1. What shape does the stretch 192-312 have by the C-alpha gyration tensor, where a ≥ b ≥ c are the square roots of the eigenvalues, rounded means a/c under 1.5, and otherwise prolate means a/b greater than b/c and oblate the rest?
2. With the alpha-carbon atoms as the only input, what is the per residue convex hull volume for the chain in Å³?
3. Just subtract the alpha-carbon distance of Ile75 and Ala193 from 0.36 nm times their residue separation and send over the number in nm, one decimal.
4. How many nm is it between the label spots at Leu24 and Ala295, if each spot is 7 Å from the Cα in line with the beta carbon?
5. Just want the ordering: Glu327, Glu10, from fewest to most Cβ atoms lying within 10 Å of their own Cβ.
6. State, as an integer percentage, the relative contact order of the chain based on alpha-carbon contacts under 8 Å between residues 6 or more apart.
7. Would you mind checking which residues have amide H under 5 Å from Leu24's amide H? H placed 1.01 Å from N; only 5 or more apart, or other chain.
8. Which FRET efficiency, nearest 0.05, do Asn5 and Asp119 yield, Cβ-Cβ r, R0 22 Å?
Amino acid sequence: MTLSNTPVIEIERTGHPDVLTPGLRRLPVPGPGEVLIDNRVAAVNFVDTLIRSGSMPQGMMPPLPHVPGVEGAGIVAALGDGVTGLAVGSKVAWMGPVGVGGYGGRVVVRSEYCVPVADTLTLETAAAIPVNAMTAWHMLVNLGGMDRLVQSRRDLGLPAPSVLIHSAAGGVGTLAVQLARHLGAAVIATCSAGKLDFVRALGADAVLDHRREDLASQIHAATAGRGVDLSLNPVAGPTLRRDLGLLAPMGGVILFGFLAGLPEGDFATDLAGAITRSVFLRVSDIYSYFNTDAAAFSADLRRVLDLAATGVLTPRVTALPLARAGEAHRLLESGQSMGKLVLAVG
Ligand SMILES: NC(=O)c1ccc[n+]([C@@H]2O[C@H](COP(=O)([O-])OP(=O)(O)OC[C@H]3O[C@@H](n4cnc5c(N)ncnc54)[C@H](OP(=O)(O)O)[C@@H]3O)[C@@H](O)[C@H]2O)c1
């Protein structure tokens, strides 16, 4: 390695996790409005595994060779022209677009997506926050209006609204449970049988094995028969139709992943059947927000990092060295992992 190169883990072809191999990239240089980060921790996301395995939806696959990784934490190494509010040498967490090269020692990101990290947070914890916490925040607050709903039900002397959180032991799920509880919602969470205690410890009010035959009636019972106010669903398959049937009047489902494949069912019929309950169904992709309103995204990124600094969001982090990125992918794809996987760089 020369001084002008930086080590990375990259893919030259798609396939099993062993296609993740070490490589070198030229040191990136920050342009106007950009920040060069000495990236100490790279976080692992589901999208990294989809790209590596060649399973990205049509038209969304980045060109190869590709360095995975869209978020991390490190130290500011240099500032491009016009960047204010950040100092060389300070700790930051960052998020970038696909292709930013997070599985590497140096990344360049736009300053809006680079946020100072409090002394109380480790870089490992900070790296685990941006994608998962922003995904949870955007759905619960910006799209789901859960903060306002909690307040209006409180004002009316009614019980707290309920949030159904699927895959609650995963990276997004763990932070969604903690954030929903913080907002004042009642949380009904689902996960596999071996993870029930872990999710209970996150503060969920009811935790259910998602493979139970009677899951729908158990969820309904957990809302005291009122129905679910908001469901965050990364599963799809047969579960979306079931969620629609479980909604309280004015409730909604936000679909944000396809862990069990494309949704099953006839949604035109299902939605028409739910008209007397005024329910909504929407989809969420955090990059729509990332690409549409950088200033608002940046402000929310600061909010979620503050929630981590004050102990509201406490991701469970498992760290491996960057060279073991393939093992991290295997763990994520096996469904065995709980919380967030990160890679220590260098
Ligand atoms: N739209 C967005 O903006 C956005 C952003 C981030 C992530 N996502 C998506 O959200 C999903 C979760 O991401 P993550 O990072 O939290 O992943 P993760 O940490 O790997 O958690 C996923 C968990 O989902 C559960 N699961 C897997 N297959 C399932 C199935 N068929 N039915 C029910 N549960 C299943 C497994 O836990 P159990 O053992 O409990 O089953 C697994 O550990 C992924 O699909 C990802 O692509 C979307």
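1. Oblate is the answer for the stretch 192-312, as a/c is 1.5 or above yet b/c matches or exceeds a/b.
2. On the way: hull volume 47.3 nm³, N = 346.
So the per-residue hull volume is 137 Å³.
3. Extra length available between Ile75 and Ala193 comes to 38.5 nm.
4. Going from the Leu24 label point to the Ala295 one covers 4.4 nm.
5. Values: Glu327 15, Glu10 21.
Ordered from fewest to most neighbouring Cβ atoms within 10 Å, Glu327, Glu10 come out as Glu327, Glu10.
6. 18
7. Hits under the 5 Å cutoff: Val8.
8. That pair, Asn5 with Asp119, gives E of 0.10.
Taken together, the values in this text are just the output of simple stated rules run on the coordinates, not laboratory data. None of the values given here were measured: they were computed from a predicted structure. Glycine also receives a Cβ, built like all others from the backbone with ideal geometry; neighbour counts cover every protein chain displayed.
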